[in-house]
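Scroll down for the structure; my scribbles are underneath it.
Quick note: the coordinates plus some simple rules give every number you see, no bench work behind them. Small disclaimer: the values here were computed from a predicted structure and weren't measured. Ideal geometry is used to build each Cβ from the backbone, glycine not excepted, and the neighbour counts take in all protein chains shown.
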Amino acid sequence: MEIGQILLLSLLIVVWWMGLWGFIETIIFQYIRGSSARALNIYGSMIVFVILVMYLNPTIVEHLI
């Protein structure tokens with residue numbers, strides 16, 4: 001892969017990540033409305049979800065290493 005293609009792919013991944021982050025953050029802030037308990041529940045659920053997916057699909061972790 002050429003350096004130009006790598007840079008373009010990297011840029012696209014960063015833009016996608018920023019868009020996804022903003023989308024999720026907007027939805028979460030609409031739901032929590034200043035409640036730290038709701039925020040902890042949402043973020044805790046996200047962490048548990050990621051750990052559960054990685055536990056149930058160990059090939060995902062192997063792919064990243």
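A Cβ distance below 9 Å, combined with a sequence gap of six or more or placement on separate chains, defines the contacts here; from region 31-58, residues that are within 20 Å of Trp21 (Cα to Cα) reach no residue that is among the acidic types (Asp, Glu) and surrounded by 10 or more Cβ atoms within 10 Å (Cβ to Cβ). Selection within region 27-44: residues that are surrounded by 10 or more Cβ atoms within 10 Å (Cβ to Cβ) and hydroxyl-bearing (Ser, Thr, Tyr). The member of this set that is farthest from the chain's Cα centre (by Cα) is Ser35.
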